[in-house]
Amino acid sequence: MLDLYNNKYSREILKQNIYAVKLTDILITQTLDISFIVRYILNPNYQLSDEDQQLDIKKVLQFQPHINEKRLLALLLAYCKDDDSVEDFETVSNK
């Protein structure tokens, strides 16, 4: 299990463990790029808990102050949520 509050992890490690941790914890503890935020943090396909479903642009900007709001909005509008780069939950959970 990842120790998000005491360690920083690479994008790849976060992707590999996306179903094992809360997105909220990732957002609060890790330094994220816009692409990761769009593909995972703000993607309803990965928001499994009630807490994660409350994530929005305002919270992203609060915890990731280095993110440019206009660029984030542009990438959100352009992103097709069906183009996820991680296996589906069932496949991952059966490993």
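For region 54-66, which positions are among the hydrophobic types (A, V, I, L, M, F, W, C) and farther than 11 Å from Leu42 by Cβ?
Leu61, Phe63
Could you check how many residues of region 1-31 are in a loop (DSSP other than H, G, I, E, B) and more than 8 Å from the chain's Cα centre (by Cα)?
So the count comes out to 17.
Working only within region 18-33, note down all residues that are of a type outside the set (A, V, I, L, M, F, W, C) and either at positive phi or modelled with pLDDT under 95 (or both).
Of everything in region 18-33, just one residue is of a type outside the set (A, V, I, L, M, F, W, C) and either at positive phi or modelled with pLDDT under 95 (or both), namely Tyr19.
Condition test on Ile37, is it of a type in the set (A, V, I, L, M, F, W, C), part of a helix (DSSP H, G or I) and either in contact with a Cys (Cβ under 9 Å, 6 or more places away or on another chain) or buried (at least 19 other Cβ atoms within 10 Å of the Cβ) (or both)?
yes
Out of all the residues in region 71-92, is one or more in contact with a Phe, Trp or Tyr (Cβ under 7 Å, 6 or more places away or on another chain), surrounded by 14 or more Cβ atoms within 10 Å (Cβ to Cβ) and modelled with pLDDT under 95?
Looking through region 71-92, at least one residue is in contact with a Phe, Trp or Tyr (Cβ under 7 Å, 6 or more places away or on another chain), surrounded by 14 or more Cβ atoms within 10 Å (Cβ to Cβ) and modelled with pLDDT under 95.
State all residues of region 40-56 that are surrounded by fewer than 15 Cβ atoms within 10 Å (Cβ to Cβ) and of a type in the set (A, V, I, L, M, F, W, C); if no residue qualifies, say none.
Leu48
The values are calculated or read from the model by the stated rules, or taken from the named source; none is laboratory data. Computed from a prediction, not measured in an experiment: that's the story for all the values here. Here the Cβ is made from the backbone with ideal geometry for all residues, glycine too, and neighbour counts use every protein chain on show.
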